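Coordinate-derived values only; no laboratory data. Bear in mind that the values here come from a model prediction, so they are computed numbers and not experimental data. Here the Cβ positions follow ideal geometry from the backbone for every residue, glycine too, while neighbour counts run over all protein chains shown.
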Amino acid sequence: MSESAPIEHPSGLTSGDFTEAEDPLRLFATWFEEATRSEPRDPTAMSLATVDADGLPNVRMVLMKSFGERGFVFYTNVDSKKGQELDRDHKGALLFHWKSLNRQVRLRGPVERIEDAEADAYFATRPRLTQIGTWASKQSAPLESPRAFEKAIAFYAAKFVVGAIPRPPNWTGYRLRPLLIEFWQDRPFRLHDRVEFRRDTLEAPWQKTRLYP
Ligand SMILES: Cc1cc2nc3c(=O)[nH]c(=O)nc-3n(C[C@H](O)[C@H](O)[C@H](O)COP(=O)(O)O)c2cc1C
């Protein structure tokens, strides 16, 4: 977007003046719905940041599979680096960047594993080959040989040749429950709008603050 462009979304979409919003989840839902219409690729893609045992940050992409009052859910292998880091610290941060709208949303907060029944239900919706791949992947572990993954896929394809495939015990969902949600909207001349919603505890009301860009 050039710095002399008018103040409007590149997509032509509008959601009113978001800085007036009082409910961050409703605002997120509006922005997400707009991103669903305007992003050329998956609007659920988000960066997940964790820290390792030395405090060194780690960041990678994951897909948001649901969001709401209870938090933002993604799925992964619990033995992966992120799984180990989440199970040790129970904290994380998420970042959405919707380029088509020149917007970002940042979230921080505690992270917990979701209930088994919820993970089972989501796993059951995945394509069969994806389910087999999930069983076969030792996510983040060194690949022993170039053929090792193919062999593992063949093994589990034969093992689960008929019937429903159960969820692997080391694969589940995590839910980040935000204590902070920040909305950022590009404006001309770098006069960007930033609105931060913060709460001290998960039960506390949200406090809104506008921030310098
Ligand atoms: C767009 C995109 C979406 C991804 N979604 C997921 C996901 O939902 N779950 C997951 O475990 N890995 C996902 N990945 C792979 C991760 O970014 C990462 O490579 C992998 O989970 C291992 O990360 P770790 O070693 O830090 O645990 C995705 C990658 C991309 C590029």
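Give the whole-number value, in cubic angstrom per residue, of the convex hull volume spanned by the C-alpha atoms of the chain.
That works out to 153 Å³ per residue.
Compute the distribution of all C-alpha to C-alpha distances in region 108-148, in bins of 10 Å from 0, and list the percent of pairs in each, rounded to whole numbers.
22, 37, 31, 11
If the limit is 29 Å between Cα atoms, which of Lys91/Lys151; Lys99/Lys138; Lys91/Lys159; Lys99/Lys208; Lys91/Lys208 go over it?
Lys91/Lys151; Lys99/Lys138; Lys91/Lys159
Bin width 10 Å, alpha-carbon pairs only: give the P(r) of region 32-121 as whole percents, running from 0 to the bin holding the largest distance.
It works out to 15, 48, 29, 8, 0, in whole percents.
Only loop residues by DSSP count here, and only those with at most 16 other Cβ atoms within 10 Å; note down the GluC sites (Glu not before Pro) in region 81-136 that meet that.
Glu115
What does the charge count around Ala45 come to, taking other residues whose C-beta lies under 12 Å from its C-beta (Lys +1, Arg +1, Asp -1, Glu -1)?
Residues close to Ala45 contribute a combined charge of +2.
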